[in-house]
1. So which residues in the stretch 19-63 are at pLDDT below 95 and either on the phi > 0 side of the Ramachandran plot or of a type in the set (Lys, Arg) (or both), if there are any at all?
2. Looking at this structure, is Leu192 within 17 Å of the chain's Cα centre (by Cα) and either surrounded by 13 or more Cβ atoms within 10 Å (Cβ to Cβ) or among the aliphatic types (A, V, I, L, M) (or both)?
3. For the stretch 106-113, does any single residue satisfy the condition of being part of a loop (DSSP other than H, G, I, E, B), in contact (Cβ under 8 Å) with a residue 24 or more places away in the chain and small (Gly, Ala, Ser)?
4. Would you check if there is a residue in the stretch 117-125 being over 19 Å from Val182 (Cα atoms) and crowded, with 18+ Cβ neighbours inside 10 Å?
5. (1) assigned to a strand (DSSP E or B); (2) under 30 Å from Leu33 (Cβ atoms): which one isn't true of Trp194, the others all being true?
6. Give all pairs with beta carbons closer than 6 Å in which a residue from the stretch 198-212 that is closer than 16 Å to Val99 by Cα meets a residue that is among the small types (Gly, Ala, Ser) and surrounded by 14 or more Cβ atoms within 10 Å (Cβ to Cβ); count only pairs at least 6 apart in sequence or on separate chains.
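The values are calculated or read from the model by the stated rules, or taken from the named source; none is laboratory data. What you see is a predicted model; the values in this text were computed from it and never measured. Virtual Cβ from ideal backbone geometry, glycine too; neighbours counted across all protein chains shown.
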Amino acid sequence: MRLGCFGCLFLIVALLVMVVVVLGVVFLSTNLLSAPDVRPVPFSKSDGHAAQSKLYEVVLRQSGRSSRRDPIVISEREANAFLAHHLDQAGLPLSPIVVRFAKGQLTAQGQTALRNLFKGPPFAQLLPYISDKRLDQLVWVTVSARIRIEGGFGAGSGRYGSVEVIDFVLGKQPLGSFLLSVLMGPSGGGLLRWQVPSVVDDVQIGDGQVVITTR
């Protein structure tokens, strides 16, 4: 029993220390409000239409209405055009957003209000004690990550895409990659893991493009 009490006390103290450290970095770092090096990807309306058509091809293959099996290639331009108009309902809204593909990983950069980062406990419970002016402050978020496809192909076997966060930066302030999931809490689960059609075999990120292969 004593060990259990000491264990609980240790966890509480560790959690409080983490909260103090994170809030100290977020609110005291002069790097937080600095804009990182952002290189926008130019795109047009036609790029957005092309991305939609290619993603719809995945749906057609899943339903058996398309017999094509060639890789589906989505360029940076197409991905940025699509995300610019379909990211409003995400758990972490970023606007503007810039996504780049290179060397097996993607890098996403965008602006969001600080309040959108404090979704997980105990950070969410602290929001009423922080001024709206501070919480509405826009910051640049930079996330570098790898994508993996998991799960089986059998009947009833779910296929999932998962994101392995490599780097997480606010403004120009590097933070531990694990802090993104801690800050976002359960609401960030949809950002880091989502269901994909069972027909999807793999997703490979190359220089300037992402390639979707299907069965």
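1. Arg39, Lys45, listed by residue number.
2. Details: within 17 Å of the chain's Cα centre (by Cα): yes; either surrounded by 13 or more Cβ atoms within 10 Å (Cβ to Cβ) or among the aliphatic types (A, V, I, L, M) (or both): yes.
Taking the combined requirement at face value, the residue satisfies it.
3. no
4. Of the residues in the stretch 117-125, the ones over 19 Å from Val182 (Cα atoms) are none.
No, because not a single residue in the stretch 117-125 is over 19 Å from Val182 (Cα atoms) and crowded, with 18+ Cβ neighbours inside 10 Å.
5. Of (1) assigned to a strand (DSSP E or B); (2) under 30 Å from Leu33 (Cβ atoms), only one is false for Trp194: (2).
6. Asp207/Ala102; Gln209/Ser75
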